[in-house]
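Undergrad: What follows is a structure written as structure tokens; I'll ask about it next.
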Amino acid sequence: MEIRDRYAPSPTGLQHIGGLRTALFNYLFARSAGGKFILRLEDTDRTRFDEQFVRNLYDTFAWLGIPWDEGPDIGGPAAPYVQSERFALYQKYAGDLVVQGHAYYCFCSAERLDTLRKEREAAHSSATGYDRYCRSIPLAEAAERVQAGAAYTIRLKIPLGETTRFRDELLGDIEWKNDDVNPDPVLLKSDGFPTYHLANVVDDHLMGISHVLRAQEWLSSTPLHVIMYRAFGWEHPRFCHLPMVMGQDGKKLSKRHGATSIDEFRRLGYLPEALINYVARLGASYEEGTDMYTLDALATRFSLDKLNKAPAIFDYKKLEWYNGQYIRMKSDEELAALSLPYAISQGLFGTETEPEAANAAGTEPTPEQRRAFIAAMPLIKERISFLPEVPQKLGYLFSEPPIPAATEFIPKKGDLPRTIELLQIGRDLIEPLSVSTDEVAEEVIKAKAEKVGIKLGDLMMPLRVAITGARVSPPLFGSVRILGASRSLARVDRALARLTECF
Ligand code: GLU
């Protein structure tokens with residue numbers, strides 16, 4: 001059997017973690033089986049449709065680097081892959097079901113259905129859904145009314161008194177009494193638009209979908225779909241309803257827990273590799289450990305029997321860990337390129353307007369700043385989890401940091417005169433440090449500390465505060481190298497002048 005699966009989003013919102021998980025599992029499953037992964041746009045709900053969500057879909061998956069084999073943008077043998085371009089098909093298939101006696105024309109007006117609902121409410125009736133009022137109208141009579149121009153919908157005739165059974169690849173055998181299935185749901189609306197159920201079943205069949213991997217919230221629709229497949233005389237695809245994704249509190253993952261749209265993760269400086277690796281684990285287990293896999297490596301490890309029934313808990317800390325790991329795997333050039341937009345927007349290289357202004361636009365780096373930015377990557381690579389932290393940690397290399405208060409310079413058990421002395425000793429080391437590798441710089445400063453009989457830390461601390469503007473900073477030697485001797489010396493002198501004033 002050729003494996004064909006699909007991601008079938010409705011463009012009524014931004015792509016989020018749940019959608020990515022569904023798409024990714026379908027992608028991995030198709031790849032693992034040498035099959036095809038298809039994108040289909042389920043845009044039948046025109047009231048909630050928005051073109052920006054279609055753009056967001058393409059943009060998100062291009063950024064993630066997850067391709068499909070067939071889809072609206074690239075075509076394929078089952079084109080078109082956009083449901084709004086397939087309306088004639090749904091009308092035909094709904095009509096076929098009517099002729100075969102599996103569906104019927106319904107002429108109930110919205111008012112009648114509304115009155116029915118209200119009456120039931122008033123009577124505290126447990127009955128819900130349609131009361132099958134038009135189910136018994138003989139087809140010939142109904143067809144005449146349609147011919148005469150009466151408004152109608154087409155409803156599925158759910159076989160009553162039966163039980164629908166199917167197997168879910170993850171959840172096992174499922175049974176559903178037909179009397180508990182939504183009574184005779186609409187397949188084709190009065191405006192000729194299909195409902196989700198009709199379009200979904202017709203398309204999965206016509207597109208040769210062998211496996212439907214979708215979120216567990218769709219499980220309650222599946223008995224209805226199975227009934228429809230049987231009515232059409234089609235074999236239904238295999239179903240696999242994926243475990244829910246929850247927040248740490250056990251509730252369905254939502255904005256309350258943190259970022260959920262992929263756009264937002266992207267803005268916050270997550271890398272696609274980290275998201276993919278983490279999301280690939282939401283409801284599936286691979287080998288033990290915290291290995292990082294490429295998409296291909298994930299695909300070779302993926303299989304439906306590795307899925308978990310229990311809901312997956314979304315752990316932002318774990319995702320952060322992955323992000324940090326992927327940041328460390330980037331070359332300096334790559335990391336600089338990825339974090340450059342954040343550096344520009346944060347005004348690392350200067351602003352075109354007042355930095356405080358609401359519309360402050362950051363300027364592009366000069367070639368020299370660009371070189372310094374790349375050279376600074378090793379200083380922060382091990383210390384960050386998110387891209388915007390790159391410029392946040394490097395401000396002191398691109399503009400003069402404010403001179404900290406005198407107390408910041410003073411080492412433990414030290415005092416001001418001693419600190420000035422230490423800084424003067426340190427000042428003499430700037431020239432050699434600015435041209436040394438870390439190893440050599442370390443030797444130089446250690447030798448000096450030993451020679452004058454002071455602790456290494458006491459010598460480095462005031463120097464660090466003078467150069468970087470803070471007690472805690474990226475590595476000192478690398479900073480001096482990037483700033484160069486004259487800028488570093490100027491900072492030490494500036495600090496010395498301030499400390500002497502305080503004296
Ligand atoms: N259009 C549905 C959605 O938005 C697809 C559900 C399915 O995969 O059948 O999730």
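The values are calculated or read from the model by the stated rules, or taken from the named source; none is laboratory data. Just so it is clear, the structure is predicted and the values come from calculations on it, not from any experiment. Glycine also receives a Cβ, built like all others from the backbone with ideal geometry; neighbour counts cover every protein chain displayed.
Undergrad: Could you run through segment 23-35 and say how many residues are over 17 Å from the mean Cα position of the chain (by Cα) and either within 10 Å of the ligand (Cβ to nearest atom) or part of a loop (DSSP other than H, G, I, E, B) (or both)? First the steps, then the outcome.
TA: First, the residues of segment 23-35 that are over 17 Å from the mean Cα position of the chain (by Cα): 29-35.
Narrowing the set further to residues that are either within 10 Å of the ligand (Cβ to nearest atom) or part of a loop (DSSP other than H, G, I, E, B) (or both) leaves 33-35.
Within segment 23-35, residues that are over 17 Å from the mean Cα position of the chain (by Cα) and either within 10 Å of the ligand (Cβ to nearest atom) or part of a loop (DSSP other than H, G, I, E, B) (or both) number 3.
Undergrad: Residues that are more than 14 Å from the ligand (Cβ to nearest atom) and more than 30 Å from the chain's Cα centre (by Cα): which strands (runs of 3 or more DSSP E) entirely in segment 150-240 hold 2 or more of them? Please lay out each step first, then the result.
TA: Working: elements: 153-156, 163-168, 172-177, 186-188, 211-215.
Correct list: 153-156, 163-168, 172-177, 186-188.
Undergrad: Moving to a separate point now. Identify all residues within segment 193-206 that are farther than 11 Å from PHE87 by Cα and either surrounded by fewer than 21 Cβ atoms within 10 Å (Cβ to Cβ) or modelled with pLDDT under 95 (or both); write none if there are none.
TA: TYR196, HIS197, HIS205, LEU206, listed by residue number.
Undergrad: Any idea which of GLY258, GLY250 is of a type outside the set (Lys, Arg) and out of contact with any helix residue (DSSP H, G or I) (no Cβ under 6 Å at 6 or more places or on another chain)? Full working, then the answer.
TA: Details: GLY258 fails: out of contact with any helix residue (DSSP H, G or I) (no Cβ under 6 Å at 6 or more places or on another chain).
Being of a type outside the set (Lys, Arg) and out of contact with any helix residue (DSSP H, G or I) (no Cβ under 6 Å at 6 or more places or on another chain) holds for just one of GLY258, GLY250, which is GLY250.
Undergrad: Do we find that HIS257 is crowded, with 22+ Cβ neighbours inside 10 Å and over 18 Å from TYR90 (Cβ atoms) in this structure?
TA: Values: crowded, with 22+ Cβ neighbours inside 10 Å: no; over 18 Å from TYR90 (Cβ atoms): yes.
It is false that HIS257 is crowded, with 22+ Cβ neighbours inside 10 Å and over 18 Å from TYR90 (Cβ atoms).
Undergrad: For LEU20, all conditions in the list (1) within 14 Å of the ligand (Cβ to nearest atom); (2) of a type in the set (A, V, I, L, M); (3) touching a strand residue (DSSP E or B) at 6+ places or on another chain (Cβ under 9 Å) hold save one; what is the number of the exception?
TA: (3)
Undergrad: Something else: Can you tell me which residue in segment 47-57 is modelled with the highest pLDDT, limited to those that are surrounded by 11 or more Cβ atoms within 10 Å (Cβ to Cβ) and among the charged types (D, E, K, R)?
TA: ARG55
Undergrad: Another one. Enumerate the pairs (first residue in segment 203-219 and under 13 Å from HIS236 (Cβ atoms); second residue anywhere and among the aliphatic types (A, V, I, L, M) and near the ligand (Cβ under 10 Å from one of its atoms)) with beta-carbon separation below 7 Å, excluding pairs fewer than 6 apart on the same chain, so at least 6 apart or on different chains.
TA: Note: pairs meeting the criteria are ASP204/VAL212.
Undergrad: May I ask you to verify whether GLU408 is among the acidic types (Asp, Glu) and under 25 Å from LEU335 (Cβ atoms)?
TA: no
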